[in-house]
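Okay, so here's the structure we're looking at.
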């Protein structure tokens, strides 16, 4: 079993894996299109978290994490408890292209575009929300900065996250 990480699973997978490698998912775009009312915000003051939004011609680079057969059920239970907390994510098994050319199917969490937590906001509005939101797992800024720094460490370019990181730093230091 493979799991695709594109946000917090990059820096906090929370499960044991036996292999990790860069991977590309076609037809999906990483974006702050999900209001977070549990982990990085509240119902009164939602934060934003990353989700995969379907988009023709898009590609999302992230990490593919391989799970040993004896750990698959436990890992799925953990991921479902973590990722499906409000049903805004949908669990899908999608084809990934690994950095070494292998093609695998991976458990992937994508946004439900019909869910109330789904949103499309201008990037400046995203920055203002992320700068102030705090949820059960901590500040929304921590989520953004950890994800952006881990993408950079992996050599994955994401201009939108880089811009958001810089803008949120401006907003939180002024």
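Numbers below:
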{"quantity": "Virtual spin-label span in nm between residue 68 and residue 105, 7 Å along Cα→Cβ", "calculated": "2.4 nm"}
{"quantity": "Residue order, fewest to most surrounding Cβ atoms within 10 angstrom, among 119, 60, 33", "calculated": "119, 33, 60"}
{"quantity": "Contour excess over end-to-end distance, with Cα ends at residue 169 and residue 56 and 0.36 nm allotted per residue", "calculated": "37.5 nm"}
{"quantity": "Helix-only [θ]222 nm of the chain, DSSP H runs n ≥ 4, -39500 (n - 2.57) each, per residue, nearest 500", "calculated": "-9500 deg cm²/dmol"}
{"quantity": "Average Cα contact separation per residue, segment 1-158, under 8 Å, 6 or more apart, as relative contact order %", "calculated": "32 percent"}
{"quantity": "For q = 0.22 Å⁻¹, Debye-computed log10 I/I(0) when each Cα of segment 1-103 counts as one equal scatterer", "calculated": "-1.29"}
{"quantity": "For segment 2-173, convex hull of alpha carbons as volume per residue, Å³", "calculated": "110 Å³"}
{"quantity": "Least to most buried among 17, 109 (fewest other Cβ within 10 Å first)", "calculated": "17, 109"}
{"quantity": "Residue order, fewest to most beta carbons within 10 Å, for 4, 32, 15", "calculated": "15, 4, 32"}
{"quantity": "Nearest-ten-degree value, helix 140-153 long axis tilted from longest Cα axis of the chain", "calculated": "50 degrees"}
{"quantity": "Theoretical FRET efficiency, 1/(1+(r/R0)^6), r = Cβ-Cβ of residue 142 and residue 114, R0 25 Å, to 0.05", "calculated": "0.30"}
{"quantity": "Alpha carbon centroid spacing (whole Å) that separates segment 157-174 from segment 61-95", "calculated": "28 Å"}
{"quantity": "Potential extension, residue 160-residue 26 segment - 0.36 nm per residue separation minus Cα distance", "calculated": "46.4 nm"}
{"quantity": "Descending Cα extents along the principal axes, segment 15-67, whole Å", "calculated": "39, 32, 11"}
{"quantity": "Cβ-Cβ FRET estimate between residue 122 and residue 12, R0 fixed at 22 Å, reported to 0.05", "calculated": "0.20"}
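Every read-out reported here was derived from the displayed coordinates using simple, explicitly stated rules and does not represent laboratory data. These numbers were taken from a predicted model, which means no experiment stands behind them. Glycine gets a Cβ as well: all are built from the backbone with ideal geometry, and neighbour counts include every protein chain shown.
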